[in-house]
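Take a look at the structure below.
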Amino acid sequence: MKRFQTMSVVISLEEIAEGIYVLTLECPEIAKLTEPGQFVNVRMHDAHSEPLLRRPFSVSFVEGDRLELLFNVIGTGTRFLSTRRPGDAVDLLGPLGVPFHIDDTFETALLLAGGVGVAPFPMLRAALERAGKKVITLLGARSGVQIADRRLNNAYVATDDGSRGFHGSVVDLFHATVARNAILRPKIFACGPNRMLSVVAAAARTIGMDCELSLEGEMACGIGICQGCPVERSREGRKYALVCTDGPTFNSRDVVI
Amino acid sequence: MTVKTSFMLRHVEFQNRVFVASGTFGYGDEINDLVDPNKLGGIVTKSLSWKPRDGNPPRRIAETPSGMLNSIGLANIGVHTFIEKKLPFLRTLKTRIIVNIAASSVQEYCDVLALLERHDGIHGYEINVSCPNVKEGGLSFGTNVDRTREITERLRPLTEKPLIIKLTPNVTHMSEFARAVKDAGADAVSCINTLVGMAVDVRTRTPRLSTVTGGLSGPAIKPIALAKVFEVAKSVDIPIFGIGGITTADDAIEFLLVGACAVQVGTTNFVDPGASVRIAEGIAGYASSNGIDDVGKLVGSLKADVKASVLQTWL
Ligand SMILES: Cc1cc2nc3c(=O)[nH]c(=O)nc-3n(C[C@H](O)[C@H](O)[C@H](O)COP(=O)(O)OP(=O)(O)OC[C@H]3O[C@@H](n4cnc5c(N)ncnc54)[C@H](O)[C@@H]3O)c2cc1C
Ligand SMILES: Cc1cc2nc3c(=O)[nH]c(=O)nc-3n(C[C@H](O)[C@H](O)[C@H](O)COP(=O)(O)O)c2cc1C
Ligand code: FES
């Protein structure tokens, strides 16, 4: 798969929900090649070496030569991103990783996002709809003001504090949705904190649904050379897969999280 | 002005003095779309052992100020898969291939090297006696001068190619180890491997690496690495590969000035895959603009009074 290390140009930065930003970058090489579920590894410094390592971000949406990153500010790197201004250059390495598998024989995609795990879904949903799949989008957050539903019309919402939509976790909402509706040939796509993903994976196993996860984790290189991002495999053979090159998308049956 | 960038080690000529360090460039075929390895002096492969190794459980990396800790645990494909799957690609490159070997017994080092000797396309060996992240081998060899000498003595008769011993900085005097491996027939030493380090997550009160401690690399270690190379260069007459936190041509030149005959770029490959080639070009540019016709003339040309350094008390 072709990848580039290249300078993108900031088009805009927008706060789309409380503390959650969308950074739009012009980057023709990467925008043209990215598929849903892939990520870019973003350099967070220019002259000084602080913070040293790039940070991985899912490509949230692509339109022409532009791509969007969706993030919340949790540390130095994301603070750096949140202070970029139109015209600034941002060094990207990408597109990286294995895209979501959307060509299987399922008919209905259930998208489950926890917090900023929503990041890859705008692009995924557009691709699923183009492929003629029915899509049900479930978004969870701590509070209603943190629901990032831009480009995700008609999403069902769950909040921990009950301030918007369903009162509970996105996994609770998923169970309620599945119990109430007959869903034709479903496949789950889930992204969020690993502890949420492990609950989703267990639920999928119990009810026998196919389920694909987008994992997060520490990365140094993002391109398979440092061996820094292992995830335990559940199958014969190698003990670990690499999140950056074998993933970040994995069928929930293939990994132990 | 044309500048000579090449140098010889044993019978092997290297086109320039910039290499990529073991464990930071895979086996060359994972990153060649982002950087042209043919512009490097050489590639040092990820450490190879006789059998594949799974490596340590996650978390394996933690970022620290201007550096990173790793606890990969020598995850590698094993020498047989390397020969079958990776060597054919490496043979197509114009650059030199140094295979790095890590093992948990003296016999394993010998077996891996002897097997590699039967295959074309390898120009030298770097022996890792200094991995801080494995219980068997690794530091238990590299911090013991007799074991380090023994490994070198046993490997020397097995090959006519350059034999480079990669030393750990986690000892009091690296120069003692450099002298021992020189006496045992090594052609060069690599200084430095990572430093044992640690980071703690105060929220969870747990170490940030699964193995508690790990190896520190990156710009944070450059001053230490420079002092170590200086120490070895001043006390032992042996070619040195300077390693540790190199991100720019100036960083690399610092290493040459204090006495390294060549350098290896490590952690920087993760951040800026094209950096090593720019460093090689930058060194030639520096020589040229200073009227120096051979990069080799920079080696050890530091204008310094050793007596002004505390190092002289044990040199
Ligand atoms: C494949 C992949 C795709 C990703 N996509 C996105 C995305 O689209 N949007 C987004 O906002 N984030 C995404 N992430 C996570 C993102 O990379 C991290 O949030 C980012 O590295 C944080 O950098 P920082 O410098 O701001 O924080 P740091 O300074 O590195 O960390 C600040 C604090 O947050 C903790 N922390 C760091 N990373 C995480 C994490 N992943 N989860 C929980 N706590 C963490 C640290 O332990 C530390 O205490 C993705 C991660 C991966 C592996
Ligand atoms: C992720 C990682 C993996 C490494 N793996 C190896 C290895 O397999 N064998 C080895 O001899 N050194 C290994 N090293 C050490 C480097 O080759 C180098 O000596 C060290 O990182 C210092 O250089 P730097 O600061 O430029 O990274 C590794 C370093 C890192 C960061
Ligand atoms: S982040 Fe380096 S191998 Fe995955």
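The values are calculated or read from the model by the stated rules, or taken from the named source; none is laboratory data. Bear in mind the structure is a predicted one, so any value in this text is a computation, not a measurement. A quick note on method: Cβ atoms are made from the backbone with ideal geometry, for glycine too, and the neighbour counts reach across all protein chains shown.
From the list A:22, A:42, the one residue that fits, being within 14 Å of another protein chain (Cβ to nearest Cβ) and modelled with pLDDT of 95 or more, is A:42.
Could you check, for segment A:69-79, whether at least one of its residues is surrounded by fewer than 20 Cβ atoms within 10 Å (Cβ to Cβ), more than 16 Å from ligand 3 (Cβ to nearest atom) and in contact (Cβ under 8 Å) with a residue 40 or more places away in the chain? Within segment A:69-79 (the criterion being surrounded by fewer than 20 Cβ atoms within 10 Å (Cβ to Cβ), more than 16 Å from ligand 3 (Cβ to nearest atom) and in contact (Cβ under 8 Å) with a residue 40 or more places away in the chain), the answer is yes, since at least one residue qualifies. Residues in segment B:289-305 that are surrounded by 13 or more Cβ atoms within 10 Å (Cβ to Cβ) and part of a helix (DSSP H, G or I): B:295, B:296, B:297, B:298.
Residue selection: residue A:41 satisfies the criterion of being out of contact with any Ser or Thr (no Cβ under 6 Å at 6 or more places or on another chain), within 16 Å of ligand 2 (Cβ to nearest atom) and not aliphatic (A, V, I, L, M).
Is it true that residue B:30 is at the interface with chain A (Cβ under 8 Å from one of its Cβ atoms), surrounded by fewer than 23 Cβ atoms within 10 Å (Cβ to Cβ), without any contact (Cβ under 8 Å) to a residue 40 or more places away in the chain and within 13 Å of residue B:214 (Cβ to Cβ)? I'd like the intermediate steps shown before the answer.
Values: at the interface with chain A (Cβ under 8 Å from one of its Cβ atoms): yes; surrounded by fewer than 23 Cβ atoms within 10 Å (Cβ to Cβ): yes; without any contact (Cβ under 8 Å) to a residue 40 or more places away in the chain: yes; within 13 Å of residue B:214 (Cβ to Cβ): no.
No: the conditions fail for residue B:30.
Meeting the requirement of 2 or more residues that are surrounded by fewer than 21 Cβ atoms within 10 Å (Cβ to Cβ), the strands (runs of 3 or more DSSP E) wholly within segment A:1-55 are A:4-17, A:20-26. Exactly one residue out of A:87, A:94 is more than 27 Å from residue B:32 (Cβ to Cβ) and either in contact (Cβ under 8 Å) with a residue 60 or more places away in the chain or hydrophobic (A, V, I, L, M, F, W, C) (or both), and it is A:87. Against the test of being of a type in the set (Gly, Ala, Ser), at the interface with another protein chain (Cβ under 9 Å from one of its Cβ atoms) and either more than 19 Å from the chain's Cα centre (by Cα) or under 23 Å from residue A:175 (Cβ atoms) (or both), the options A:208, A:222, A:228 yield a single qualifying residue, A:228.
If the requirement is being surrounded by 24 or more Cβ atoms within 10 Å (Cβ to Cβ) and either at negative phi or out of contact with any strand residue (DSSP E or B) (no Cβ under 6 Å at 6 or more places or on another chain) (or both), which of these qualifies: A:124, A:128? Explain how you work it out, then say what you get.
On the way: A:128 fails: surrounded by 24 or more Cβ atoms within 10 Å (Cβ to Cβ).
After applying the criteria, what remains is A:124.
In the set A:213, A:242, only one residue is away from every other protein chain (no Cβ under 14 Å) and aliphatic (A, V, I, L, M); that residue is A:213.
State the number of residues belonging to segment B:33-47 that are more than 10 Å from chain A (Cβ to nearest Cβ) and either touching a residue at least 60 places away in the same chain (Cβ under 8 Å) or hydroxyl-bearing (Ser, Thr, Tyr) (or both).
Step one: list which residues in segment B:33-47 are more than 10 Å from chain A (Cβ to nearest Cβ), which gives B:36-45, B:47.
From the residues that got through so far, the ones that are either touching a residue at least 60 places away in the same chain (Cβ under 8 Å) or hydroxyl-bearing (Ser, Thr, Tyr) (or both) too are B:36, B:39-42, B:44-45, B:47.
Residues meeting the conditions: 8.
Put simply, of A:37, A:77, A:117 the only residue that is more than 17 Å from residue A:9 (Cα to Cα) and not assigned by TED's automatic domain parsing to the domain that holds residue A:11 is A:117.
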